[in-house]
Amino acid sequence: MTVPIPVGGVPDAGSFYDLVGGEPTFRKLVTEFYAGVANDPLLRPLYPEEDLGPAAERLTLFLIQYWGGPTTYSQQRGHPRLRMRHAPFRIGTAERDAWLHHMRRAMDTLDLPTEQDEKLWGYLRHAAQFLVNSPDQSEPLPD
């Protein structure tokens, strides 16, 4: 199972990025997400930086690029290499589920139309599962 990663191109006027409101939508999503992570006893230790701002910026730029916006993420950081970048951290089902909990709460603040919500949520669920790297954890994804 792989997560497709865009590495180039230009924003597309008909992209999902544009349909959901562009950069402001993704910034709101990530800001709300990290508000939950900041006080989560399971997830917060996975972020070694005292300030979550740099992690939030990286996730924002990644999501913007993935969904058809500017390619700033790749210009600054190269190929996303999600599994490699997350490999130093133990990610099991508990971490996956906590991440998804905060992301779902953040998504609910966006009030996206059902079709867009389902598309974004489906991707985030897939990506969260893709990053699980603890083989002793094999519980199914929550709904």
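Residue separation times 0.36 nm, minus the C-alpha to C-alpha distance between residue 76 and residue 31: what's the value?
14.2 nm
If the chain between residue 133 and residue 105 were fully stretched, how many nm would it gain, using 0.36 nm times the residue separation less the Cα-Cα distance?
Taking residue 133 through residue 105 to full extension adds about 7.7 nm, to one decimal.
Report the full-extension gain for the segment residue 23 to residue 123: residue separation times 0.36 nm, less the Cα-Cα distance, to one decimal in nm.
That pair, residue 23 and residue 123, stretches by 34.2 nm at full extension.
Can you list the HN-Hα couplings for the range 39-45, worked out from phi with the Karplus curve (6.51, -1.76, 1.60; θ = phi - 60°), rounded to whole Hz and with x for Gly and Pro?
10, 8, x, 8, 8, 3, x
Values quoted throughout were computed directly from the atomic coordinates according to the rules given, and no laboratory measurement underlies them. As the structure is a computational prediction, the values presented were derived from the model and not from experiment.
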